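Everything below concerns the one structure shown next.
The values are calculated or read from the model by the stated rules, or taken from the named source; none is laboratory data. Computed from a predicted structure; not experimentally measured. No Cβ is skipped: glycine too gets one built from the backbone with ideal geometry, and neighbour counts run over all protein chains shown. For the accessible areas, the whole protein counts, side chains as well, though only heavy atoms, and no ligand, DNA or RNA atoms are used. Shrake-Rupley method; radii C 1.70, N 1.55, O 1.52, S 1.80 Å.
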Amino acid sequence: MNRPARAALTVSVAALALFTVGAVFGLREQAQPGPRATMVTRVDQRAQTIERAQQRLRTLPGDYRTWAELGLAYVEQARVTADPSRYPLAETALRRSLAVRDNPDAHTGLGALANARHDFGAARTSAQRALKTNPFDAYAYGVLADAETQLGHPQAATDAVQHMFDLRPGLAAYARGSYDLEQRGRLTEADDLMRRAVAAATDPADRAFCHHQLGDLAWFRGDLTAATAEYTAGLAADPSYQPLLRGRARIAATTGHLEAAIADAATVAARTPTPDTLLEYAEYLRLAGRSADPQLTLAEAAHKIFEANGGRDDLTAAQLALARGDTSKAVIAAQSEWKRRPFAEVADVLARSLHRAGRDDEALPYARKAVALSPNNAAYTFHQAQIALALGDRPAARTLLTRTRDLNPYFSPTDGPTAAGALTELEAQP
Amino acid sequence: MRRLLVVTALAAAGFAALPAGPAAAHPLGNFSVNRSATLTVHPDRIDALAVVDLAELPTLQDAPASCDEAAAALTVTAGGQSLRWSIRDAALTYAAGAGGLKTSRLECRLSAPATVNEPTRVDVTYRFRDDRIGWRELVATASGVRLEGSPLPSASPTNALRSYPSDPLTSPADMRSATFTAAPTTDPAPAPGPGSAAGAGPAIDRPSGVLAGFEQRLDNLVGGARLTPLVGVLAVLLSLLLGAAHAALPGHGKTVMAAYLAGSHGRPRDAVLVGATVTFTHTAGVIALGLFLTAVTGVAGESVLSWLDLTSGLLVAAVGTGALISALRRRPRTHEKPTGEEPTHAHDHTSAHDHTPHDHSDGHDHAHGHAHDLAHGHHHGPGRWGLAGLGVAGGLVPSPSALIVLLGAAALGRTVFGVLLVLAYGLGMAATLTAAGLLLVRLRHRIEGRWRFAARWRAVSPPATAALIIVVGVGLAGRALAGVA
């Protein structure tokens, strides 16, 4: 064996031996455990997020990412607890984030906040701004989808939801996808998607949200048993989630349990006296033959404050005027809202206002639009039937009323029986 | 620094330019019901100030709030005895709110007899219209007695519901009940105030050790609201100090370098080379890792560090192997001249222990360097490339504190400042390593001059040193492997 070969052999054997020794001793020594992220069982995810962000920002007040995170957490908390006192805090946090540096997260947060305050145009602008900088922000697509839906751009909303699905298929995407499908009348698919969402939800408030959506979907197709089951499941997950009580009250009212409906509606209206909760409460009180004037006064006051704070919501103004019987005011308000956002619900309220004002010729196109935009909504179909009846078009009214019955005979505790009575009458005289 | 000041000024201007919200709206929303109860414990009685602030809609919606309702909602037990309030004073006022509506404010002064001549447990619960949304605060003070273990503030954070904090760092208060102990003061002097409650608070999680304290201080400096030039200079100095201290701790490739410089024929220049390489690698490594962690979310910095540890260990082992090969090849020739004062060999371009003035220039050296080192190995240590490798290994694993400082600075929009700090950190590390290297080189010369066995040691030292380097490298890699796996 020549010398280089022997040297190489020596080196190899020595290296191997040393490697073994080193490996044995090295592996015996435990690597120091780093600061591992521990999964804590989360009771209130949002409250914890807020607390953590606050702590961090007290020492790092220039951390714009955490400011944005804090602002968004406040928006979410306001949504879950229905406590609007979080909105100014959210806004301050988000503005502070932007003051440190222009960043997409803060714009997304402002968009979510604008949606929560029903300023859908501003929400869309903010979401688009965020997406310009960060086109992979799934949450920004969610904000955009919400805004586009409310602004009456269903195709843009569907696109945004699709982007959200592509980027981050999760609870938020499922919920929005489900709502989008519901809007387009694909109720079975909407239901499937929401079931996947409820399976993905861990937070009690999220579970309550999902069960509420499922309950509404069931009610929408007239399945009161399934709807009740979902509302009950949701209340078991989070008893403080107000929309569930509203859903339960609606079912109680349509099945004749008016006292139960009034009790639930009173609880909701006492805690969150917003125009829509108060209008529902007023409807049940009227149905029971009681006076609803204090509730309407309160709803008007709530709306007045909303406008005094710089908000604009002519849809609510129209609904309030309709409840008061002031039809000309309702028509003006609904027309003004329709100019800003051609959304199905706005078309329906405008049609109803015109119908109540005796202008059925003008009302019909809007009623048709509402039905075209949301073909499975029994209430919209019934309102079109009313207009058809007023115009003397009995065959059309009969078709529409039949469709109403097929869609959801329980669509309204007040109008449901009226619709059924009218259909019976139409069927009796050919 | 100037840019930072400008950014700070712009940020301040941004705050100032924020549009103010509508002044008339209730700060906590137009349907909030806000409650505050302030207890004052006396030796013979407990006084309470119960305040209710109703926003516009509850004022319109519900029956006016009354002190009977407030007194019934405020339940206090002292030593197990339920207090029965008597109403001393009541005031209900209205104020103009948003949308031409009114808000209302109820103030009730309540009092109830209670004896505090021994430590007495006090439970307080305030449930005024408990289902409503709004602010809930409890306050406890004492007069002539002292409170122990009170979780409550001694002054109202809202000046009794007159001004609500608009700071997003303060969550709206939601305090519904509390328990504390009232005890008679042993001190004859009247001692009003919160008593010793504050002293019993939980200890702050202090970092242990002087070094950790300095690290905390550096983080605070970087994260501070204002960054004046003085603070900036202080932060840089602190970074230098931290880097130096970090390098003094055992670990990384420092041991290896020390072993090499001590065992083989390292010169002061080599020590400086290693120091420079460490600084460069460490700075570049921290910045690269910082960028990587910022750009790629969902990567745990911890696992990246483990992999870098592994790479560093393997690199050290590779350098050691290279040195061992060259040392073994060279051995048959060197052992005949144990004094090491051999004439310069024709192929000795890298000149690890070259003392002759007609040495090759650096450029020449560079051109041949690596290949010659490995092919001919006519020197004792790992060679210049090997030294650079050791330096890289020493600087490759970013120190976590430097990384945190960089990420923190970047999050604050102070990236340039963060890079400066990391550079200072690397310089500090290099200073320690170079100083240690120089010290060892000196020490070795002394030892060689005095003891005879030093000559024998010199003969065997190259392979021994190389073997030691391999052991340490493999050990480092093995430990990192345990972390990666």
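In table form, for the structure just shown:
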{"quantity": "Residue mean of other protein chain beta carbons inside 10 Å, B:56-66", "calculated": "4"}
{"quantity": "Cα-projected label distance for B:W307 with B:S82, points at 7 Å along beta-carbon direction, nm", "calculated": "6.6"}
{"quantity": "Carbon and sulfur %, accessible surface of chain A computed with the full protein complex present, 1.4 Å", "calculated": "54"}
{"quantity": "Separation in nanometres of the label points that stand 7 Å from Cα toward Cβ, at A:A263 and B:D89", "calculated": "4.3"}
{"quantity": "Accessible area per residue in Å² at 1.4 Å probe, computed on segment A:52-168", "calculated": "40"}
{"quantity": "Whole-Å semi-axes of the ellipsoid equivalent to chain A (Cα gyration tensor, √5λ, descending)", "calculated": "54, 25, 22"}
{"quantity": "Length added when fully stretched, B:D44-B:R121, from 0.36 nm per residue minus Cα-Cα", "calculated": "26.3 nm"}
{"quantity": "Chains B and A, summed buried accessible surface - 1.4 Å probe, Å², nearest 100", "calculated": "4600"}
{"quantity": "Burial order of peptide ranges A:376-388, A:352-364 (average beta-carbon count within 10 Å, highest first)", "calculated": "A:376-388, A:352-364"}
{"quantity": "Number of partner chain Cβ atoms within 10 Å, mean per residue of A:366-372", "calculated": "0"}
{"quantity": "Candidates A:G234, A:G392, A:G185, ranked by Gaussian network fluctuation over chain A, Cα under 10 Å, top entry", "calculated": "A:G392"}
{"quantity": "Largest-first principal axis extents, alpha carbons of segment A:52-168, Å", "calculated": "45, 29, 22"}
{"quantity": "Around A:T149: net Lys/Arg minus Asp/Glu count, Cβ-Cβ under 9 Å", "calculated": "-2"}
{"quantity": "Mean Cβ count within 10 Å, highest first, over the residues of peptides B:159-168, A:117-126, A:99-108, B:270-279", "calculated": "B:270-279, A:99-108, A:117-126, B:159-168"}
{"quantity": "Cα centre as origin, Lys/Arg/Asp/Glu Cβ charges: segment A:52-168 dipole, Debye", "calculated": "440"}
{"quantity": "Separation in nanometres of the label points that stand 7 Å from Cα toward Cβ, at A:S328 and B:A435", "calculated": "9.2"}
{"quantity": "Inter-chain Cβ neighbour average for residues B:319-329, partner chain, 10 Å", "calculated": "3"}
{"quantity": "Distance between segment A:44-115 and segment A:311-359 - C-alpha centres, whole angstrom", "calculated": "35"}
{"quantity": "Equivalent ellipsoid, segment A:255-333 (semi-axes from 5 times Cα gyration tensor eigenvalues, Å)", "calculated": "23, 15, 9"}
{"quantity": "C-alpha long axis of helix A:314-324 to longest principal axis of chain A, angle in °", "calculated": "40"}
